[in-house]
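A.B. asks: This is the structure I want to talk about, given as structure tokens.
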Amino acid sequence: MEPLLQHLERFSEVLVVSSTTHVSTWDPATVRRALQWARYLRHIYRRFGRHGRIRRAMERRLHNRWRLEGGFGSSPVPGLTNFQALGHCDILLSLRLLENRDLGDAARHHLLQQLFPGPGVPDTEEEPLQDRLACLARRRSAVHLLCFYGYKENQNLPEDSLLKTQAEMLLERLQEVVKAEAEGPSMFLSSLWERLPQNNFLKVIAAALLQPPLPPRPQEEDLELGGPKTPGEGGQELVHWLLGKSEVMAVFCRHLPAGLLTVVASRHRELSRVYLGLLTDWGRHLHYDLQKGIWVGDESQDVTWEELYDRFQSLCQAPPPLKDEVVTVLKSCKAQDGDFEVPGLSIWTDLLLALGSKRPVLGLLPGLSSLWATLCY
């Protein structure tokens, strides 16, 4: 195990060097050995990706090295930062060498020969390096394009073409991660949460949860690599990650628009239960201000009465069974609070009154709608 971990560290150093002026001393033999080293580590990734003990040992070694070096601040371009990077370390090395103007002509010519050997040259890889390189180049171009245009506000988020493209890329990437990671893509999603603009990432997650299932991969590939057996597994992995990250789930439910969350909750029952639980918890933090005549919170970050009403109103417009569950939860909370029928004593009574009148106001109003009769009787 220790020799393998040392190989990991040394190649990480090679990756860092590949983006520096030191490559000016590389000759064709050095480029060939570096690529062979990268392919060897890619073989290790494919062989031990689902072997929990070995993968965790490699992750710890890479994480400790990254932390001791101060993260990305110690060099302009990092080496290997996680076990997942082993799956395409030959691509990372090739890209960095191609982008480095200090690489000598002879070494660059040999690199191009390795990447594009021409017709008639046998390739032992099941997917040639040049194909994977082209795929990564397309992804990088898409990422640059989406970063340039992708942060403009669009009120109709489910129909935002840029968000849908980002969501499709995320789901595709999740399928690849599920193949190789024994513990699932939780670490991958957590790293994205820490590194990306969180507001945009939340929208991408919501868009991904609304995407139709990806087409299934070939059966033989799934059997060989232990890949996902159901095409919708990428979305399910997102759901599982959200359910396991209570702080992320709270931000997800607080900062996304009410209408978008209603659509997501209608599609994913597990998330709808957590969303309803958060709404009721937020409602319990409000108290009635006699002077203002409204429900207010003690802290500035507490949800407002208007926001709480808007979110419950949106949920009440959802199709069954979500709408029925919302009504049941509100009635249950009202009963637990004392089952008051007059406004100002229980926030749940006032929410039911406001939802019945379809106006975010307190107090009994004349001419209550049929929805009010459904909710309260």
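A.B. asks: Set the Förster distance to 35 Å, then compute FRET efficiency between Arg46 and His240 from the Cβ-Cβ distance, nearest 0.05.
C.D. replies: 0.90
A.B. asks: Let me ask another. Quote the FRET efficiency, to the nearest 0.05, computed for Val251 versus Ala106 with a Förster distance R0 of 45 Å and r equal to the Cβ-Cβ distance.
C.D. replies: Plugging the Cβ-Cβ distance into 1/(1 + (r/R0)^6) gives 0.30.
A.B. asks: Moving to a separate point now. Among the listed pairs Lys245/Lys292; Lys203/Lys334; Lys164/Lys323; Lys164/Lys331; Lys203/Lys323; Lys292/Lys323, give every one whose C-alpha distance is greater than 29 Å.
C.D. replies: Checking Cα-Cα distances, Lys245/Lys292; Lys203/Lys334; Lys164/Lys331; Lys292/Lys323 exceed 29 Å.
A.B. asks: Counting only residues 5 or more places away or on other chains, whose amide H sits under 5 Å from the amide H of Trp295 once H atoms are built in the peptide plane?
C.D. replies: Here the answer is Asp289, since their amide H atoms fall under 5 Å of that of Trp295.
A.B. asks: Mind giving me the nanometre distance, one decimal, between the label points for Arg32 and Thr20, set 7 Å out from Cα along Cα→Cβ?
C.D. replies: Computed distance between label sites Arg32 and Thr20 equals 2.6 nm.
A.B. asks: In nanometres, what is the gap between the two model label sites at Phe116 and Met169, each 7 Å from Cα along Cα-to-Cβ?
C.D. replies: Output for this residue pair reads 2.4 nm.
A.B. asks: Right, next: Kindly provide the trypsin sites (Lys or Arg not before Pro) of region 238-346 that DSSP labels as loop, not H, G, I, E or B, and whose Cβ sees at most 12 other Cβ atoms within 10 Å.
C.D. replies: Here the trypsin sites (Lys or Arg not before Pro) that fit, given the DSSP loop and packing criteria, are Lys292.
The numbers here are math on the coordinates, done by the rules we state, and not lab data. Owing to the predicted nature of the structure, the values given are computational and were not obtained by experimental measurement. Neighbour counts are summed over all protein chains in view; Cβ atoms, including those assigned to glycine, are modelled from backbone coordinates with ideal geometry.
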